[in-house]
Amino acid sequence: MAKISAEQREKNKNEFDLVVEEIFWERGWDAITLNEMAKRTGKPKPTIQNYYPDRTHFGEALRGKVLPVVMSCLDLSSPREFKISWETQLSTNRKFRMVVNLLVSNATSEQTNDMTINGIVRLRHMLSEKWGSDKEAFDSLMWVLGLSVLRLAENTIK
């Protein structure tokens, strides 16, 4: 196998990361597979696997690109408004729903990565500071994440 330079490897990784993001926004987290990446890039699966040894590495490609989508849709002014905005976005905003599905999938996976855990912790901390109550933040997150699991399950069962 021919070796590539560090610069070429980085260039390839950046291009592959763009494909990961493209697949995610088009078809969702579950559609990001080695097969789909190979199909889209025209590269053999073993080549793709050199860059993404397991599923968590696909998530790394989305780091910093999905949470801003969620945050831009939410009303953080109060726990009530937060819940209403989350429920509304979950029902009406395809991108929001895709990000929440990614969050729930990663949070319940054996291969949960730090990005998911840190994202939830940061959101809880932000809400706690904004509302002056860790209990309100925790209860609200529990409510929206529970709602999300139920809604995502309903969509899967239909």
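The values are calculated or read from the model by the stated rules, or taken from the named source; none is laboratory data. Since this is a predicted model, take the numbers as computed values, not measurements. Every residue, glycine among them, receives a Cβ derived from its backbone with ideal geometry; neighbour counts consider all protein chains shown. The protein model used for the area step is the full one, side chains on, heavy atoms only, and it has no ligands, DNA or RNA in it. Shrake-Rupley method; radii C 1.70, N 1.55, O 1.52, S 1.80 Å.
Structure summary
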{"read-out": "The stretch 63-91 - residue that is surrounded by fewer than 12 Cβ atoms within 10 Å (Cβ to Cβ) and at pLDDT 95 or above and, of those, farthest from Trp143 (Cα to Cα)", "value": "Ser77"}
{"read-out": "Some residue of the stretch 63-78 being closer than 28 Å to Ile4 by Cα, under 20 Å from the mean Cα position of the chain (by Cα) and assigned to a helix (DSSP H, G or I)", "value": "no"}
{"read-out": "Search result, residues across the stretch 101-158 that are closer than 20 Å to Pro68 by Cβ, among the charged types (D, E, K, R) and at pLDDT below 85", "value": "Asp114"}
{"read-out": "Enumeration of residues in the stretch 127-158 that are touching a Ser or Thr at 6+ places or on another chain (Cβ under 9 Å) and free of Cβ contacts under 8 Å to residues at least 12 places away in the same chain", "value": "Asp134, Lys135"}
{"read-out": "Hits in the stretch 23-60 (condition: hydrophobic (A, V, I, L, M, F, W, C) and surrounded by 13 or more Cβ atoms within 10 Å (Cβ to Cβ))", "value": "Ile23, Phe24, Trp25, Trp29, Ile32, Leu34, Met37, Ala38, Ile48, Phe58"}
{"read-out": "Matching option when the condition is of a type in the set (S, T, N, Q) and not in a helix (DSSP H, G or I), among Ser85, Ser105, Ser91, Ser109", "value": "Ser109"}
{"read-out": "Condition met for Leu102 (crowded, with 18+ Cβ neighbours inside 10 Å and of a type outside the set (Val, Ile, Thr))", "value": "yes"}
{"read-out": "Unmet requirement for Thr41, which otherwise passes all of (1) modelled with pLDDT under 95; (2) over 30 Å from Ser148 (Cβ atoms)", "value": "(1)"}
{"read-out": "Residues of the stretch 1-22 satisfying the condition of being within 17 Å of Leu103 (Cβ to Cβ) and either among the β-branched types (Val, Ile, Thr) or open to solvent by 70 Å² or more (accessible area, probe 1.4 Å) (or both)", "value": "Val20"}
{"read-out": "Qualifying residue in the stretch 107-116 (condition: among the aliphatic types (A, V, I, L, M), in contact with a helix residue (DSSP H, G or I) (Cβ under 8 Å, 6 or more places away or on another chain) and open to solvent by 20 Å² or more (accessible area, probe 1.4 Å))", "value": "yes"}
